[in-house]
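Data block below; observations after.
The values are calculated or read from the model by the stated rules, or taken from the named source; none is laboratory data. All values reported here derive from a predicted model rather than from experimental measurement. Quick reminder, even Gly has a Cβ in these numbers, built from the backbone with ideal geometry, and neighbours come from all protein chains shown.
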Amino acid sequence: MKNKKTAFLFDLNGTVIDDMEYHAEAWHEILTNDLGADLTWEEVKKEMYGKNREVLNRIFGEGRFSDEEADKLSVQKEEYYQQAYKPHLKLINGLHDFLKQAAANGVKMAIASAAITDNIDFVVDNLAIRQYFDAVVSADDVTTSKPDPETFLKAAEKLQADPADCIVFEDAPKGVEAAQNAGMRCVVITTAHPKEDFEKYDNVIAYIADYTDAYITRFFSEQS
Ligand SMILES: O=P(O)(O)OC[C@H]1O[C@@H](O)[C@H](O)[C@@H](O)[C@@H]1O
């Protein structure tokens with residue numbers, strides 16, 4: 001690679017696994033059926049970014065739920081999600097090879113996600129990919145989630161990487177915005193959003209449908 005210090009920061013949902021529809025279903029279930037919010041499917045999708053607590057505050061206003069209630073709702077939402085998604089749990093095409101190659105090239109890697117720790121464990125342990133990651137930053141490690149840069153800056157700090165040396169892999173506009181706020185470049189995986197949704201960000205260096213894209217498969221040969 002041109003820059004030997006390059007570090008990779010992977011968002012989780014929609015980036016390592018293609019599961020955003022399952023999050024939307026779980027949120028829809030809890031927000032409309034369990035909590036009686038009057039939200040369309042599209043509105044749920046638009047609001048479900050960041051930490052679970054932030055989603056609840058955005059929709060119901062701060063103070064509606066105690067910390068204990070919010071934690072319970074968050075766990076319930078992830079139970080709905082894990083139960084529905086587990087039979088389909090798999091890495092996005094080409095990612096395993098890319099992780100292996102990156103590790104072989106000495107790239108430091110982190111998971112930097114708005115998901116709670118339990119959801120991150122559900123993915124990395126069931127798919128046996130924990131050994132590739134030198135650090136994990138979850139919702140439980142930050143005060144404010146994406147689009148705030150805290151998640152990515154914490155991950156970079158844990159890897160002892162300069163933000164300018166980090167490449168973030170993201171699928172969500174708010175995640176790309178968080179990377180931009182952190183001063184990081186971003187590769188967008190178009191699992192959940194089309195290219196047009198990212199037009200206002202100037203830190204996108206590539207769009208890929210999955211990790212079999214030529215940008216990825218040639219990454220190490222072309223950047224050396
Ligand atoms: O930051 P990531 O890995 O894309 O995770 C985002 C998602 O994580 C889920 O756990 C939250 O419930 C969602 O609301 C959120 O969109």
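With respect to GLN76, determine if the residue is polar (S, T, N, Q), surrounded by 14 or more Cβ atoms within 10 Å (Cβ to Cβ), modelled with pLDDT of 95 or more and in the same structural domain as GLU25 (by TED's automatic domain parsing). The answer is yes for GLN76.
Only one entry in ASP118, ASP125, ASP140 is among the charged types (D, E, K, R), farther than 21 Å from ILE216 by Cβ, away from the ligand (no atom under 12 Å from the Cβ) and out of contact with any strand residue (DSSP E or B) (no Cβ under 7 Å at 6 or more places or on another chain), namely ASP125.
In this entry, LYS90 is excluded by the filter for residues that are in contact with a strand residue (DSSP E or B) (Cβ under 6 Å, 6 or more places away or on another chain) and either not small (Gly, Ala, Ser) or not assigned by TED's automatic domain parsing to the domain that holds ASP141 (or both). With the condition kept exactly as written, say whether any residue in the range 88-102 is within 11 Å of the ligand (Cβ to nearest atom) and either at positive phi or without any contact (Cβ under 8 Å) to a residue 60 or more places away in the chain (or both). No, the range 88-102 contains no residue that is within 11 Å of the ligand (Cβ to nearest atom) and either at positive phi or without any contact (Cβ under 8 Å) to a residue 60 or more places away in the chain (or both). Can you confirm whether the range 39-47 contains a residue that is buried (at least 20 other Cβ atoms within 10 Å of the Cβ) and out of contact with any Asp or Glu (no Cβ under 8 Å at 6 or more places or on another chain)? Yes: the range 39-47 contains one or more residues that are buried (at least 20 other Cβ atoms within 10 Å of the Cβ) and out of contact with any Asp or Glu (no Cβ under 8 Å at 6 or more places or on another chain). Just one of the listed residues (ALA135, ALA156) is without any contact (Cβ under 8 Å) to a residue 60 or more places away in the chain and either over 13 Å from the mean Cα position of the chain (by Cα) or in the same structural domain as LYS45 (by TED's automatic domain parsing) (or both), and it is ALA135.
In summary, TYR211 fulfils each of the numbered conditions (1) within 18 Å of MET109 (Cα to Cα); (2) of a type in the set (Ser, Thr, Tyr); (3) out of contact with any His (no Cβ under 9 Å at 6 or more places or on another chain) with the single exception of condition (3).
Quick check on the range 60-68. Is at least one of its residues buried (at least 19 other Cβ atoms within 10 Å of the Cβ) and either within 21 Å of THR191 (Cβ to Cβ) or modelled with pLDDT under 95 (or both)? Scanning the range 60-68 turns up no residue that is buried (at least 19 other Cβ atoms within 10 Å of the Cβ) and either within 21 Å of THR191 (Cβ to Cβ) or modelled with pLDDT under 95 (or both).
Considered as a group, the residues in the range 9-38 that are within 18 Å of THR190 (Cα to Cα) and hydrophobic (A, V, I, L, M, F, W, C) include one that is surrounded by the most Cβ atoms within 10 Å (Cβ to Cβ), and that residue is LEU9. Of the residues making up the range 13-31, at least one is touching a residue at least 24 places away in the same chain (Cβ under 8 Å), near the ligand (Cβ under 10 Å from one of its atoms) and at positive phi.
Put simply, of ASN13, ASN105, ASN52 the only residue that is assigned by TED's automatic domain parsing to the domain that holds TYR215 and within 20 Å of the chain's Cα centre (by Cα) is ASN13.
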